[in-house]
1. Examine the stretch 70-80 for a residue that is surrounded by 22 or more Cβ atoms within 10 Å (Cβ to Cβ) and over 26 Å from residue 125 (Cα atoms), and state whether such a residue exists.
2. Only one of these conditions is not met by residue 152: (1) in contact with a strand residue (DSSP E or B) (Cβ under 8 Å, 6 or more places away or on another chain); (2) crowded, with 21+ Cβ neighbours inside 10 Å; (3) closer than 26 Å to residue 295 by Cβ. Which number is it?
3. Within the stretch 27-51, how many residues turn out to be farther than 18 Å from residue 108 by Cβ and surrounded by 14 or more Cβ atoms within 10 Å (Cβ to Cβ)?
4. When the residues of the stretch 268-296 are filtered to those that are assigned to a helix (DSSP H, G or I) and exposed (fewer than 15 other Cβ atoms within 10 Å of the Cβ), which remaining residue is modelled with the lowest pLDDT?
5. Mind checking whether some residue in the stretch 85-92 is surrounded by fewer than 24 Cβ atoms within 10 Å (Cβ to Cβ), out of contact with any strand residue (DSSP E or B) (no Cβ under 6 Å at 6 or more places or on another chain) and touching a residue at least 40 places away in the same chain (Cβ under 8 Å)?
6. On the basis of being at positive phi and buried (at least 18 other Cβ atoms within 10 Å of the Cβ), does residue 100 make the cut?
7. Just to be sure before I move on: is residue 204 out of contact with any strand residue (DSSP E or B) (no Cβ under 8 Å at 6 or more places or on another chain), modelled with pLDDT of 90 or more and exposed (fewer than 15 other Cβ atoms within 10 Å of the Cβ) in the structure I sent?
């Protein structure tokens with residue numbers, strides 16, 4: 001018996017690094033946005049009690065270091081259920097790009113397991129498990145558009161999700177998140193956008209205003225990378241682009257486009273600059289619907 005579900009990527013429409021915490025992490029202020037770039041996860045239950053994880057990428061761990069493995073183990077310990085699981089992840093979200101693929105895989109698995117076993121965990125239980133797996137994991141309990149603080153785990157407000165189109169380009173290198181946070185204050189810049197203006201723009205579904213208030217503190221750091229500079233500059237100077245930013249600590253660059261057709265016209269010029277996608281925003285209801293429809 002098995003279950004299948006999708007695990008979606010995220011963008012940071014706004015990411016401000018506030019300060020370094022006593023535990024070594026950083027406090028941030030961010031707006032997460034779910035997009036339709038996704039991995040497909042196939043989970044088959046077995047009677048052996050073992051957990052195995054296989055993926056389509058060689059640079060993703062297939063052992064106890066995989067977040068899906070850890071999510072299943074945590075679910076077992078929290079609920080007391082004894083079962084085995086063979087997991088296959090069809091990866092489309094590249095690791096190391098700031099798209100939250102590993103976190104998304106893990107939390108989508110938690111939501112799928114919780115539905116399959118008829119909701120043994122309430123939201124607090126799920127959030128506790130999610131928070132134990134990473135800093136941006138709590139967002140994937142909600143999807144859609146979310147304002148968050150702390151390490152990214154403290155959800156402040158669920159925001160409306162306008163219909164938005166993005167062009168997403170991931171250069172052929174990844175960023176070490178820990179190292180990026182260590183170096184961020186070297187390139188720390190005053191926010192060019194105002195998070196409150198961006199929130200108002202999202203609530204008003206004002207695409208132009210959303211684009212002009214995109215912000216990420218790590219952008220200045222990535223301007224040392226010629227691949228990023230090239231893509232960023234082309235997007236910034238292209239017709240139909242409302243705003244350009246990076247997601248997470250990089251390396252993926254994205255542009256908010258005024259319509260899907262504009263993205264189609266822009267995409268060909270980025271062939272050869274890494275992986276390229278045209279993506280749309282995913283609302284919370286669209287994301288969670290797949291789990292609600294699963295058979296328990």
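The values are calculated or read from the model by the stated rules, or taken from the named source; none is laboratory data. Treat the numbers as computed from the prediction; the structure is a model and nothing was measured. Positions of Cβ are generated from backbone atoms using ideal geometry, with glycine treated the same way; all protein chains shown enter the neighbour counts.
1. The answer is no, given that none of the residues of the stretch 70-80 is surrounded by 22 or more Cβ atoms within 10 Å (Cβ to Cβ) and over 26 Å from residue 125 (Cα atoms).
2. Result: residue 152 fails condition (3) only.
3. 6
4. Among them, the one singled out is 269.
5. No, the stretch 85-92 contains no residue that is surrounded by fewer than 24 Cβ atoms within 10 Å (Cβ to Cβ), out of contact with any strand residue (DSSP E or B) (no Cβ under 6 Å at 6 or more places or on another chain) and touching a residue at least 40 places away in the same chain (Cβ under 8 Å).
6. When the stated conditions are applied, residue 100 passes them.
7. yes
Quick grid of which residues meet (1) in a loop (DSSP other than H, G, I, E, B); (2) surrounded by 20 or more Cβ atoms within 10 Å (Cβ to Cβ):
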| site | (1), (2) |
| --- | --- |
| 210 | no, yes |
| 233 | no, no |
| 244 | no, yes |
| 248 | yes, yes |
